[in-house]
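Worksheet for the structure shown next.
The values are calculated or read from the model by the stated rules, or taken from the named source; none is laboratory data. The shown structure was predicted, so the numbers you read here are calculated from the model rather than taken from an experiment. Quick reminder, even Gly has a Cβ in these numbers, built from the backbone with ideal geometry, and neighbours come from all protein chains shown.
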Amino acid sequence: MLTPVETADFAIDALTHKATTPWRRDLLLAMAAGAFIGIGFVFYLVTQQGADAMPVGMAKFVGGVAFSTGLALVVITGADLFTSTTMTLTSRAAGRITWGRLLRHWGLVYGGNLVGALTLAVLLFWGGTYENGTFGAVALTTAHHKVSHTFVQALVLGLLCNFLVCIAVWASYAGRTVVDKVAAITLPIAMFVAAGFEHSVANMFLLPYAMMLKTLVPAEFWAAAGIAAADLDHLTWARVVVGNLLPVTIGNIIGGGVMVGLHQAWAQGRIGRR
């Protein structure tokens, strides 16, 4: 593996490369990342069907390991994920990019992630995956819980989530093989999912998908799911955007960009201490 100092150098080089990629390529890579994280969430939802029969912690752990598939695909394919690209703050701190380039890159990646996540949500809905009731019920109840946090709770849960996501990605930079990288990623990602922390890009997939279910499914779905639309009173577009995505995104930036990216780069003497 790379040493910690070598890892910091590699990370700053890799993040600078992402921030200076031509916009068309960056947008395509961001769209792919949004879809990959959504696929990881689909895998999580599948594992939670019937999970009531398992100890809660074990059920969440299994779901977390399943979800880590999404980030593994992002890292292996070089896709561009907003939560990990918050660490381009290190490139700005090292003087490798301007604030304008940083904000342009963040906006492009965030928008591309949203397009990829929404595309997967629409395809999943059209595919009728919810029709057995159980899958749709898990998606709805999970989404309803996510939009029931206060603003501060959502922000802190976003911070904690991206601290783990970015330390997983940073650790993966030290690996030299695919196995190294997947091994570095899996447990931190499983931990954040199992603990119920909040990931903005994952929520870009789940929350719109849940809103589609709440408003567009036929009446017979509710009987099969064992829940009622009236039970999901917190699941509204206002709560999706203002109550979840906004604070979670802010928390993700702090947890990943500041608490991992800047902290690791500074601690290894790559910015501000030469």
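Annotations for the structure displayed:
- Residue satisfying all of: in region 197-231; modelled with pLDDT under 95 and part of a loop (DSSP other than H, G, I, E, B); surrounded by the fewest Cβ atoms within 10 Å (Cβ to Cβ) among these: Pro218
- Residue, nearest to Ala143 (Cα to Cα), within region 232-274, restricted to residues that are of a type in the set (Lys, Arg) and not in a helix (DSSP H, G or I): Arg270
- When residues of region 182-196 are limited to those that are touching a residue at least 40 places away in the same chain (Cβ under 8 Å) and buried (at least 21 other Cβ atoms within 10 Å of the Cβ), the one nearest to Thr134 (Cα to Cα): Val193
- Close Cβ contacts (under 9 Å, 6 or more residues apart or on different chains) running from residues in region 80-95 that are without any contact (Cβ under 8 Å) to a residue 40 or more places away in the chain and over 19 Å from Phe36 (Cα atoms) to residues that are in a helix (DSSP H, G or I) and of a type outside the set (Gly, Ala, Ser) comprise Arg92/Trp99; Arg92/Arg101; Arg92/Leu102.
- Exclusive hit being of a type in the set (S, T, N, Q) and farther than 14 Å from Ile253 by Cβ, set Thr85, Thr119: Thr119
- Candidates are the residues of region 42-58 that are of a type in the set (A, V, I, L, M, F, W, C) and within 30 Å of Ala174 (Cα to Cα); the one that is surrounded by the fewest Cβ atoms within 10 Å (Cβ to Cβ) is Met58.
- Neighbours by Cβ (under 9 Å, 6+ apart or cross-chain): first from region 142-154, surrounded by 14 or more Cβ atoms within 10 Å (Cβ to Cβ); second of a type in the set (Val, Ile, Thr) and in a loop (DSSP other than H, G, I, E, B): Val147/Thr236; Ala154/Val147
- Condition check for Thr98 on (1) touching a helix residue (DSSP H, G or I) at 6+ places or on another chain (Cβ under 7 Å); (2) closer than 28 Å to Gln264 by Cβ; (3) of a type in the set (Val, Ile, Thr): one failure, at (1).
- Flag if Val122 is β-branched (Val, Ile, Thr) and either within 23 Å of Ala194 (Cα to Cα) or surrounded by 21 or more Cβ atoms within 10 Å (Cβ to Cβ) (or both): no
- Set side by side, the residues Ala139, Ala117, Ala143 differ, and just one is in contact with a helix residue (DSSP H, G or I) (Cβ under 6 Å, 6 or more places away or on another chain) and closer than 30 Å to Val179 by Cα, which is Ala117.
- Scanning region 21-56 for residues that are outside any helix (DSSP H, G or I) and over 22 Å from the mean Cα position of the chain (by Cα) yields a count of 4.
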